[in-house]
Amino acid sequence: MKTYSAKPADITRQWYLVDASELPLGRLSTYVAQLLTGKMKPSYTHHIDCGDFVVIINAKDLIVTGEKATKKIYYKYSGFPGGLTETALKDKLAKDPSSIIFKSVRGMLPVNKLRDGRLARLKIYNDGEHQHNAQQPVKISIKELQ
């Protein structure tokens, strides 16, 4: 019996709709990373991008547990002396909540040539409205899957 290997022409991509207000950030990000890589498909092949499209809504209602809102710090360095900028999670959540989810999902994807293509299939919206109704995304309740 031969080992199955998916080919790029054989891949069919689904659209999934996920609500960010259902679960904490880490659990949401791990599930979205699995959808983007396609690991839940029986035709998964590690060197071929088999993942699906994921639309995340309600990013402004993101849930974080414990004291992460005040103690989690995001760092940005300009490369110049004194150019280190620190931003708390609560400040970043007030300014741009979609960037928090993006960075979290990006950190959970494998670092290889397929990562940029997978992240391009991730669509994040701050409120409940999105522009992908024509693709008929399937709503997934992650809370029920846990």
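Report, by residue number, each residue of segment 27-48 that is more than 15 Å from GLY117 (Cβ to Cβ), at pLDDT 95 or above and among the small types (Gly, Ala, Ser).
SER29
Kindly indicate whether any position in segment 20-42 is on the phi > 0 side of the Ramachandran plot and not acidic (Asp, Glu).
Looking only at segment 20-42, we keep the residues that are on the phi > 0 side of the Ramachandran plot, and these are 38.
If we keep only those that are not acidic (Asp, Glu) too, we end up with 38.
Yes, that holds for at least one residue.
With the structure loaded, tell me whether THR85 is touching a Pro at 6+ places or on another chain (Cβ under 6 Å), loosely packed, with under 12 Cβ neighbours inside 10 Å and more than 28 Å from GLN131 (Cβ to Cβ) or whether it fails that test. Step through it out loud before you land on a result.
On the way: touching a Pro at 6+ places or on another chain (Cβ under 6 Å): no; loosely packed, with under 12 Cβ neighbours inside 10 Å: yes; more than 28 Å from GLN131 (Cβ to Cβ): yes.
For THR85, the condition - touching a Pro at 6+ places or on another chain (Cβ under 6 Å), loosely packed, with under 12 Cβ neighbours inside 10 Å and more than 28 Å from GLN131 (Cβ to Cβ) - is not met.
Specify the residue that is surrounded by the most Cβ atoms within 10 Å (Cβ to Cβ); the eligible residues are those in segment 7-19 that are modelled with pLDDT of 95 or more and aliphatic (A, V, I, L, M).
VAL18
So, in segment 1-54, how many residues would count as being in contact with a Phe, Trp or Tyr (Cβ under 7 Å, 6 or more places away or on another chain) and of a type in the set (Val, Ile, Thr)?
1
Between ALA88, ALA59, which is within 21 Å of ILE124 (Cα to Cα), free of Cβ contacts under 8 Å to residues at least 24 places away in the same chain and of a type outside the set (Asp, Glu)?
Values: ALA59 fails: free of Cβ contacts under 8 Å to residues at least 24 places away in the same chain.
So the residue among ALA88, ALA59 that is within 21 Å of ILE124 (Cα to Cα), free of Cβ contacts under 8 Å to residues at least 24 places away in the same chain and of a type outside the set (Asp, Glu) is ALA88.
Tally the residues that are surrounded by fewer than 13 Cβ atoms within 10 Å (Cβ to Cβ) and more than 12 Å from ASN126 (Cβ to Cβ), restricting the search to segment 91-102.
Of the residues in that region, 0 qualify.
Identify, please: which residue in segment 1-56 is more than 26 Å from GLN131 (Cβ to Cβ), in a loop (DSSP other than H, G, I, E, B) and aliphatic (A, V, I, L, M) and is, among those, farthest from the chain's Cα centre (by Cα)?
Checked segment 1-56; the qualifying residue farthest from the chain's Cα centre (by Cα) is MET1.
The values are calculated or read from the model by the stated rules, or taken from the named source; none is laboratory data. Predicted, not measured: the structure shown is a model, and the values here were computed from it. We place every Cβ from the backbone using ideal geometry, glycine too, and count neighbours over all the protein chains shown.
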